[in-house]
Amino acid sequence: MEFNNLLLEVKNSVATITFNRPKALNAMNSITMGELYQAAKKCRDDEDVKVVILTGAGDKAFVAGADISEMQNLRPQAALSFMEQGQETLRFIETMSKPFIAAVNGFALGGGTEIAMACDVRFASENARFGQPEILIGLIPGWGGTQRLARIIGMGRAKELVMGGEQITVQRAYEIGLVNRIYPQDQLMVESKKYATKLAALPAFALKMAKHSINYGYDLSLDNATRLEAECCAQCFSTDDQKEGMKAFLEKRKPAFKGF
Ligand code: CO8
């Protein structure tokens, strides 16, 4: 499948999707968002893909937001369609059975922070900057930013960022739990791929259950959420990988997981 604004590479069980409009700092227009959805589906359906990395082309930006030139003349209904397209795509990524790593290599503003937040973990380079600056152009976030940011960093900090529109450094993003790890720019992809390769070798069904339990348990009551967790954990006992993992532990050897 050929894309205009994305690159998709699959190597050693890891897919890398690169936003590829560096001249516009990888700003997301509707074509790119559509391609992201298609690329994510392709990764879901490709049995060779175990983990997906999202990153941006160039050394300046991950994604500098939704494309302002495309948005400037939208009427509310068309704006809503663009938001729905983005929200569906990001929810698809967030709930897909395979892990997603955001390798944030520069500006992740507005829609860029929103895309990163839909991923399971966020690694970032030392020059990365985050923020929800929509308020500065007369908007609020529309691709889940008001909701995921509050869930990840807490409501008080989310309100500060969304209402004030300031950018924050990667160090601050790390302090407030928005970023998991910081790397020098030239190490970001090396380390992201290393981590992805590590995940790719883990039991795929258990990884899927881990993601599912956290995603779908988060907004439930503790009673229902722990029940969901127990059901997900119980299902792992139906896999060969659970048997192999425990057997290998008891035999003091490395497990050979098959992915089911
Ligand atoms: N949209 C379109 N073009 C962009 C964007 C963008 N978000 N960001 C950068 N560009 C373009 C610039 O216009 C410029 O193009 P050109 O060379 O043709 O003039 C090129 O990228 C380089 O940008 P700058 O010259 O501005 O580079 P600087 O290093 O000076 O500044 C910044 C970098 C700080 C990242 C700056 O470009 C900037 O502030 N960008 C906009 C950031 C922003 O406001 N993002 C949020 C957008 S709104 C959003 O994401 C809402 C998402 C969901 C809502 C959907 C509703 C329908």
Exercise. Please work out which residue is most open to solvent (accessible area, probe 1.4 Å), limiting yourself to the stretch 37-55 and to residues that are out of contact with any Cys (no Cβ under 7 Å at 6 or more places or on another chain) and not in a helix (DSSP H, G or I).
Key: GLU47
Quiz item: Is the stretch 67-88 home to any residue that is part of a loop (DSSP other than H, G, I, E, B), near the ligand (Cβ under 9 Å from one of its atoms) and closer than 30 Å to ASP45 by Cβ?
Solution: yes
Quiz item: Can you tell me which residues in the stretch 127-156 are of a type in the set (Lys, Arg) and in contact with a strand residue (DSSP E or B) (Cβ under 8 Å, 6 or more places away or on another chain)?
Solution: ARG129
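Results for (1) assigned to a helix (DSSP H, G or I); (2) free of Cβ contacts under 8 Å to residues at least 24 places away in the same chain, shown as yes or no for each residue.
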position	(1), (2)
GLY112	yes, no
GLU134	yes, no
ILE140	no, yes
ARG157	yes, yes
Quiz prompt | From the options GLY58, GLY34, residue that is surrounded by fewer than 19 Cβ atoms within 10 Å (Cβ to Cβ) and either closer than 21 Å to LEU188 by Cβ or within 13 Å of the ligand (Cβ to nearest atom) (or both) | solution = GLY58
Quiz item: Before we move on, is SER97 at pLDDT 95 or above, within 22 Å of ILE214 (Cβ to Cβ) and surrounded by fewer than 16 Cβ atoms within 10 Å (Cβ to Cβ)?
Solution: yes
Quiz item: Which of the residues that make up the stretch 10-31 are more than 16 Å from the ligand (Cβ to nearest atom) and open to solvent by less than 60 Å² (accessible area, probe 1.4 Å)?
Solution: SER13, VAL14, ALA15, THR16, ILE17, THR18
Quiz item: How many of the residues making up the stretch 128-174 are hydroxyl-bearing (Ser, Thr, Tyr) and either within 15 Å of the ligand (Cβ to nearest atom) or within 22 Å of LEU36 (Cα to Cα) (or both)?
Solution: 2
Quiz item: Here is a list of conditions, (1) buried (at least 23 other Cβ atoms within 10 Å of the Cβ); (2) among the polar types (S, T, N, Q); (3) without any contact (Cβ under 8 Å) to a residue 24 or more places away in the chain, and GLN72 meets all of them except one; can you say which number that is?
Solution: (1)
Quiz item: Does SER238 meet the test of being among the small types (Gly, Ala, Ser) and farther than 18 Å from CYS119 by Cα?
Solution: yes
Quiz prompt | Residues of the stretch 5-23 satisfying the condition of being in contact (Cβ under 8 Å) with a residue 40 or more places away in the chain, under 24 Å from ALA204 (Cβ atoms) and not hydroxyl-bearing (Ser, Thr, Tyr) | solution = ASN12, VAL14
Quiz prompt | Top-ranked residue in the stretch 114-127 [being outside any strand (DSSP E or B) and over 22 Å from THR95 (Cβ atoms); ranked as farthest from the ligand (Cβ to nearest atom)] | solution = GLU126
Quiz item: When PHE130 is evaluated against the numbered criteria (1) part of a loop (DSSP other than H, G, I, E, B); (2) closer than 19 Å to ASN26 by Cα, which criterion, by number, is the only one it fails?
Solution: (1)
Practice problem: Having 3 or more residues that are touching a residue at least 40 places away in the same chain (Cβ under 8 Å) and surrounded by 14 or more Cβ atoms within 10 Å (Cβ to Cβ) is the bar; report the helices (runs of 4 or more DSSP H) wholly within the stretch 187-243 that clear it. | Solution: 188-200, 204-217
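The values are calculated or read from the model by the stated rules, or taken from the named source; none is laboratory data. What you see is a predicted model; the values in this text were computed from it and never measured. Positions of Cβ are backbone-derived with ideal geometry, glycine not excepted, and every protein chain shown enters the neighbour counts. Areas reflect the complete protein model, heavy atoms only, side chains present, ligands, DNA and RNA absent. Shrake-Rupley method; radii C 1.70, N 1.55, O 1.52, S 1.80 Å.
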